[in-house]
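Below is one structure, written out as structure tokens; comments come after it.
The values are calculated or read from the model by the stated rules, or taken from the named source; none is laboratory data. Quick caveat: nothing in here was measured; it's all calculated off a predicted structure. Because the Cβ atoms are built from the backbone with ideal geometry, glycine has one as well, and the counts that use them run over all protein chains shown. Side chains included, ligands, DNA and RNA excluded: accessible areas come from the protein's heavy atoms. Shrake-Rupley method; radii C 1.70, N 1.55, O 1.52, S 1.80 Å.
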Amino acid sequence: MRAIVFDFFGTLTDPAAEAGRRDSVTATAAALGVPADRFWHAMGASFPERIVGGYGDARQTLRRVARDCGADPAESELDAAVAAQLAGSVHVRPPRPGVLDLLDRLRADGYRLGLISDCSSELYESWPETPYAPRIDAAVFSWHEGYRKPDQRLYEAVSARLGVNPADCWYVGDGGSREHAGAHRAGMRPILVTNTAYPDAAALRSDPDPYTPALAIPDLDALPTLIDS
Ligand SMILES: [Mg+2]
């Protein structure tokens, strides 16, 4: 095995930060002048299309979702909403404790590191400024590619950009979006991160995976031992 492909949210990020998602959406809704509950549901309903780029960038997305909620925000309200949305996106993606050192160690051990994330424009556009970017050799984002997991084209893209065969890749994720079924079909070896210490994060997982990997670890710190064994 020459490469490791990671999921992003709840896998490289701190699962405890998932609990902040609702507050972040509430702040954006307030800036748009839309009731928080209504905005939360509209964002959820638009998720499948938003994350493949169907709503455009953050500003275009917020305008369209606000209109879906019956509001017509002024440009100044959109300015504030985009700022709130970007701030919120930073809050939900702090690194899992120890993960940056772990990525450094895996690369030092000779692994190529990849990423597949089902995400909106905020992560794609700010990726180069994150502490993850210099540690990941190939990052593939649903918003940019126009496909979401478990679309095989995402797995093919990341292995091609890593310069390895899918069969030479581990796939490590916390199990949303049917990602492990996709990885298995692509020929990668899936590993489930169960996040046992973060039961609230597991409850927020969308579109859970019907395929359960044979290999599971409670937290990423157990990864080096598993893949070396
Ligand atoms: Mg995840």
Might you let me know whether the range 86-107 holds any residue that is open to solvent by less than 40 Å² (accessible area, probe 1.4 Å), assigned to a helix (DSSP H, G or I) and of a type in the set (Asp, Glu)?
-> no
Confirm whether Ile51 is out of contact with any Asp or Glu (no Cβ under 8 Å at 6 or more places or on another chain), within 16 Å of the ligand (Cβ to nearest atom) and open to solvent by less than 10 Å² (accessible area, probe 1.4 Å).
-> no
Residue, farthest from the ligand (Cβ to nearest atom), within the range 143-187, restricted to residues that are among the hydrophobic types (A, V, I, L, M, F, W, C) and under 11 Å from Asp118 (Cβ atoms) | Trp143
2 or more residues surrounded by fewer than 17 Cβ atoms within 10 Å (Cβ to Cβ) and modelled with pLDDT under 95: qualifying helices (runs of 4 or more DSSP H) within the range 163-229 = 199-203
Does the range 36-52 include one or more residues that are in contact with a Pro (Cβ under 9 Å, 6 or more places away or on another chain), outside the structural domain of Ser142 (by TED's automatic domain parsing) and farther than 20 Å from Ser177 by Cβ?
-> no
Report yes if Arg59 is closer than 23 Å to Phe9 by Cα and either touching a residue at least 40 places away in the same chain (Cβ under 8 Å) or not assigned by TED's automatic domain parsing to the domain that holds Leu162 (or both), otherwise no.
-> yes
Which of (1) farther than 23 Å from Asn195 by Cα; (2) touching a strand residue (DSSP E or B) at 6+ places or on another chain (Cβ under 6 Å) is the odd one out, the single condition Ala87 does not satisfy?
-> (2)
Tally, over the range 62-81, of residues that are assigned to a helix (DSSP H, G or I), in contact (Cβ under 8 Å) with a residue 24 or more places away in the chain and surrounded by fewer than 20 Cβ atoms within 10 Å (Cβ to Cβ) = 4
Can you tell me which residue within the range 1-42, out of those that are in a loop (DSSP other than H, G, I, E, B) and closer than 22 Å to Thr130 by Cα, is farthest from the ligand (Cβ to nearest atom)?
-> Asp14
Inside the range 134-150, can you point out the residues that are open to solvent by 20 Å² or more (accessible area, probe 1.4 Å) and in a helix (DSSP H, G or I)?
-> Pro134, Arg135, Trp143, His144, Glu145
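Condition check ((1) in contact with a helix residue (DSSP H, G or I) (Cβ under 7 Å, 6 or more places away or on another chain); (2) more than 17 Å from Phe47 (Cα to Cα); (3) in the same structural domain as Glu49 (by TED's automatic domain parsing)) across all residues:
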site	(1), (2), (3)
Ala74	no, yes, yes
Ala81	yes, yes, yes
Gln85	yes, no, yes
Leu103	yes, yes, no
Gly110	no, yes, no
Ile116	yes, no, no
Ser120	yes, no, no
Pro134	no, yes, no
Ala139	yes, yes, no
Please identify the pairs in which a residue from the range 178-203 that is of a type in the set (Ser, Thr, Tyr) has its Cβ atom under 8 Å from the Cβ atom of a residue that is in a helix (DSSP H, G or I), counting only partners at least 6 apart or on another chain.
-> Thr194/Ala202; Tyr198/Pro15; Tyr198/Ala16; Tyr198/Glu18
